[in-house]
Amino acid sequence: MPHDLETDGFAIAAEVLPPGAHQALLHAFPQLLATGAGNRDGLLHPAVRSLAASREVRALVEPVLGATAFAHRATLFDKTPMANWLVTWHQDLVVPVQERRDAAGFGPWSQKRGVWFVQPPEHLLRNLLAVRIDLDGSDAANGALRVLPGTHCHGVLAAQRSAALARTIAPVTCHVPAGGALCMRPLLLHASSKATRPVHRRIVHIEYTGERLPGELAFRHAISG
């Protein structure tokens, strides 16, 4: 049975890559991941910017966030035998901004490699959508994302509450075909296991929003259609 984005917090779509995008992104990965298994600055690369603004990807975004939605960040990562990690159950709660500007309801703050990140108020987190484009295909053997359906409806969760939900809700492994995408609400509890099959799992994780930040706060990037 297909999953529903609003009730389950995620949905899977097949064949979302624009013509020529697959090869362009495969060529971009070695450059963007030259110093590690992940890159939080994907929107600085032309191939990723083009993908974020493409008609095919925005066709997934606009019915959810509206025609004025824009991409504000893109993270690239590749799970391989040399970089094979696991991630415990969590929500994605921070966004990158151009500089620190204190505002009511925003915080805590953190800095990673010179970039400021902040946790925005819950209403803004609810207005985010992640589109995870899968270049190789994901399944249980190569460490596909696992999710707890419906947990995005609970808002921002304390660690104890997250652990309780993980004990009571059956997880779903997100099987995504190569060239497909997993659309996900960032408040959805998600995790991933280590891969047991030694292959690439290259993901372009693009996060969109339909809401600007208040005052002098600004998202680090803004890529529209």
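The values are calculated or read from the model by the stated rules, or taken from the named source; none is laboratory data. Quick caveat: nothing in here was measured; it's all calculated off a predicted structure. Backbone-built Cβ (ideal geometry, glycine too); neighbour counts: all protein chains shown.
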For segment 139-159, state whether one or more residues are part of a loop (DSSP other than H, G, I, E, B), more than 30 Å from PRO108 (Cβ to Cβ) and modelled with pLDDT under 95.
yes
By residue number, the members of segment 106-141 that are among the acidic types (Asp, Glu) and within 20 Å of GLU56 (Cα to Cα) are ASP134, ASP136
List pairs: first in segment 120-140 and buried (at least 17 other Cβ atoms within 10 Å of the Cβ) and of a type in the set (S, T, N, Q), second part of a strand (DSSP E or B) and modelled with pLDDT of 95 or more, Cβ under 7 Å, 6+ apart or cross-chain?
ASN127/THR209; SER138/VAL176
With respect to PRO19, determine if the residue is more than 29 Å from ALA195 (Cβ to Cβ), at pLDDT 85 or above and in a helix (DSSP H, G or I).
no
